[in-house]
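Peer 1: Before I ask anything, here is the structure I am working with.
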Amino acid sequence: MNPSIRIDIHAHFFPLLRRSDVAWAGWADAPWLQIDRDGQSGHIMRGDQAFRPVTSELWDARHRVAAMDAQGIALQLISATPVMWADVLPPGVAAEWALRMNEAALAFCAAAPRRLKALAQVPLQDLTAACCEANRAMASGCVGVQIGNHLGERDLDSPHMLAFLRHCAEQGIPVVVHPWDMLAPERMQGWMLPWLVGMPAETHLSLLRLVLSGSFERLPADMRLCFAHGGGSFAALLGRADNAWHRRDIVRADCPHPPSHYLQRFHVDSCVFDPRVLRLLVDVMGTERIMLGSDHPFPLGEAPIGEVVEATPGLTPAEREAILGGNAQRFFGLG
């Protein structure tokens, strides 16, 4: 293990797809890229609607590596922009979509195989297909899978989702959980509130459901599970959850230990944007459970990557190096 290497585990990509390239799926809101005349910028589209302005680092591996060089990042794990997930499609179509998107991710990484590695997406609506695609993608060169924190009304503690997590644990497949399809959209209009409020809340909800349902008791202890965005608001509100567990039997009904007992069962990334918040995360989680994450190359991502880790007070050089790269090498089994 080389502790000095900087590994960003939370970064996204989007393949250079025209609208005609996604028509086969019969998905009215299928995502595609509309590139501006300068070739350096554009929009992710959902059908006829512009979804998000983007730059060429999202689809051009050469530009991505140049940006990594400028920020001192040796290796970046790229994963699907969540709008690429095809959770609304019929299982067979979703399976083909995931395969094509994963092949596109591997092709993106092939431009710089020592600098870029891919996390796979899977057709979660079909458990068998999701497990098969996870296995196939790993055999093809992916280093883990990225999933959403829920699938419609199925949360991570549902039998369906737990079965997929158990499969990944048994196969040694690392899983990164990224929030999407945020709650209460009717109350989060404007100001990017789904990203600012909904995403941390979704992640907090997922973690508490896994804990309080007793799901961690039923999952293999050596499962490699990581939650994006610093685990949302979980660490900040852990005392509230522990207090409720001790004081109310309905909170501890399915969970034999207080929530803080389960901190060693998952990792989080460092994508919290404030050294004071990362300091809290370190105090709660420990440095061995935190990995560098940036949400690059989106405007809400950290730039320069790793700045918050560098600015966090009280870290020893060894702890800083672990967060910046050593923990990711261990978690993802990277050489």
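Peer 1: Taking the condition open to solvent by less than 10 Å² (accessible area, probe 1.4 Å), modelled with pLDDT of 95 or more and closer than 24 Å to Pro174 by Cβ, does Pro259 pass? Write out each step before concluding.
Peer 2: Numbers: open to solvent by less than 10 Å² (accessible area, probe 1.4 Å): yes; modelled with pLDDT of 95 or more: yes; closer than 24 Å to Pro174 by Cβ: yes.
Yes; evaluated as a whole, the condition is true for this residue.
Peer 1: Condition first: crowded, with 21+ Cβ neighbours inside 10 Å, touching a Cys at 6+ places or on another chain (Cβ under 7 Å) and under 13 Å from Tyr262 (Cα atoms). Now tell me which residues in the stretch 208-240 satisfy that.
Peer 2: Scanning the stretch 208-240 gives Val211, Leu212.
Peer 1: Any residue that is modelled with pLDDT of 95 or more, within 26 Å of Cys168 (Cα to Cα) and either of a type in the set (D, E, K, R) or touching a Gly at 6+ places or on another chain (Cβ under 6 Å) (or both) - is there at least one of those in the stretch 235-253?
Peer 2: Keep residues of the stretch 235-253 that are modelled with pLDDT of 95 or more, which gives 235-253.
Among the residues that remain, those that are also within 26 Å of Cys168 (Cα to Cα) are: 235.
Keeping just the survivors that are either of a type in the set (D, E, K, R) or touching a Gly at 6+ places or on another chain (Cβ under 6 Å) (or both) gives none.
Scanning the stretch 235-253 turns up no residue that is modelled with pLDDT of 95 or more, within 26 Å of Cys168 (Cα to Cα) and either of a type in the set (D, E, K, R) or touching a Gly at 6+ places or on another chain (Cβ under 6 Å) (or both).
Peer 1: Next question, about the same structure. Of the residues Ala137, Ala120, Ala129, which single one is within 15 Å of Pro174 (Cβ to Cβ), among the small types (Gly, Ala, Ser) and over 16 Å from the mean Cα position of the chain (by Cα)?
Peer 2: Numbers: Ala120 fails: over 16 Å from the mean Cα position of the chain (by Cα); Ala129 fails: within 15 Å of Pro174 (Cβ to Cβ).
Result: Ala137 is the single residue among Ala137, Ala120, Ala129 that is within 15 Å of Pro174 (Cβ to Cβ), among the small types (Gly, Ala, Ser) and over 16 Å from the mean Cα position of the chain (by Cα).
Peer 1: Tell me, yes or no, whether the stretch 21-29 has at least one residue that is within 21 Å of the chain's Cα centre (by Cα), aromatic (Phe, Trp, Tyr) and either assigned to a loop (DSSP other than H, G, I, E, B) or under 24 Å from Val175 (Cα atoms) (or both). Explain how you work it out, then say what you get.
Peer 2: The initial filter retains those residues of the stretch 21-29 that are within 21 Å of the chain's Cα centre (by Cα), namely none.
No; the residues of the stretch 21-29 include none that is within 21 Å of the chain's Cα centre (by Cα), aromatic (Phe, Trp, Tyr) and either assigned to a loop (DSSP other than H, G, I, E, B) or under 24 Å from Val175 (Cα atoms) (or both).
Peer 1: So which residues in the stretch 308-335 are of a type in the set (Val, Ile, Thr) and under 21 Å from the mean Cα position of the chain (by Cα)?
Peer 2: Narrowing the stretch 308-335 to residues of a type in the set (Val, Ile, Thr): 308-309, 312, 316, 323.
Result: Val308, Val309, Ile323.
Peer 1: Scan the stretch 47-56 and tell me whether some residue there is small (Gly, Ala, Ser), more than 18 Å from Leu300 (Cβ to Cβ) and modelled with pLDDT under 95.
Peer 2: Scanning the stretch 47-56 turns up at least one residue that is small (Gly, Ala, Ser), more than 18 Å from Leu300 (Cβ to Cβ) and modelled with pLDDT under 95.
Peer 1: Still on this structure, I have one more. Of all residues in the stretch 264-279, which are on the phi > 0 side of the Ramachandran plot and crowded, with 22+ Cβ neighbours inside 10 Å? Please lay out each step first, then the result.
Peer 2: Filtering the stretch 264-279 for residues on the phi > 0 side of the Ramachandran plot gives 273.
Answer for the stretch 264-279, where residues must be on the phi > 0 side of the Ramachandran plot and crowded, with 22+ Cβ neighbours inside 10 Å: there is none.
Peer 1: Moving to a separate point now. Got a sec? Which helices (runs of 4 or more DSSP H) wholly within the stretch 57-173 have at least 1 residues that are of a type in the set (Gly, Ala, Ser), closer than 25 Å to Gly47 by Cα and open to solvent by 20 Å² or more (accessible area, probe 1.4 Å)?
Peer 2: Values: elements: 61-71, 91-110, 127-140, 159-171.
In the stretch 57-173, the matching helices (runs of 4 or more DSSP H) lie at 91-110.
Peer 1: Find the residue count for the stretch 42-56, including only residues that are open to solvent by less than 30 Å² (accessible area, probe 1.4 Å) and part of a strand (DSSP E or B). Steps first, answer last, please.
Peer 2: Here is the first cut: in the stretch 42-56, the ones open to solvent by less than 30 Å² (accessible area, probe 1.4 Å) are 42, 44-45, 47, 54, 56.
So of that shortlist, the ones also part of a strand (DSSP E or B) come out as 42, 44-45, 54.
Here the count works out to 4.
Peer 1: In addition: Considering only residues that are in contact (Cβ under 8 Å) with a residue 60 or more places away in the chain and aliphatic (A, V, I, L, M), which ones fall in the stretch 93-106?
Peer 2: If the condition is that a residue be in contact (Cβ under 8 Å) with a residue 60 or more places away in the chain and aliphatic (A, V, I, L, M), then Val93, Met101, Ala104, Ala105 are the ones that fit.
Peer 1: I'd like the residue in the stretch 174-188 that is surrounded by 24 or more Cβ atoms within 10 Å (Cβ to Cβ) and not hydrophobic (A, V, I, L, M, F, W, C) and, out of all such residues, is farthest from Leu116 (Cα to Cα).
Peer 2: So, considering only residues that are surrounded by 24 or more Cβ atoms within 10 Å (Cβ to Cβ) and not hydrophobic (A, V, I, L, M, F, W, C), the one farthest from Leu116 (Cα to Cα) is Pro179.
The values are calculated or read from the model by the stated rules, or taken from the named source; none is laboratory data. Because the structure is predicted, anything quoted here is derived from the model rather than measured. Using ideal geometry, Cβ is built from the backbone for each residue, glycine included, and neighbour counts are taken over all protein chains shown. Remember, those area values only see protein heavy atoms, side chains included, never the ligands or the DNA or RNA. Shrake-Rupley method; radii C 1.70, N 1.55, O 1.52, S 1.80 Å.
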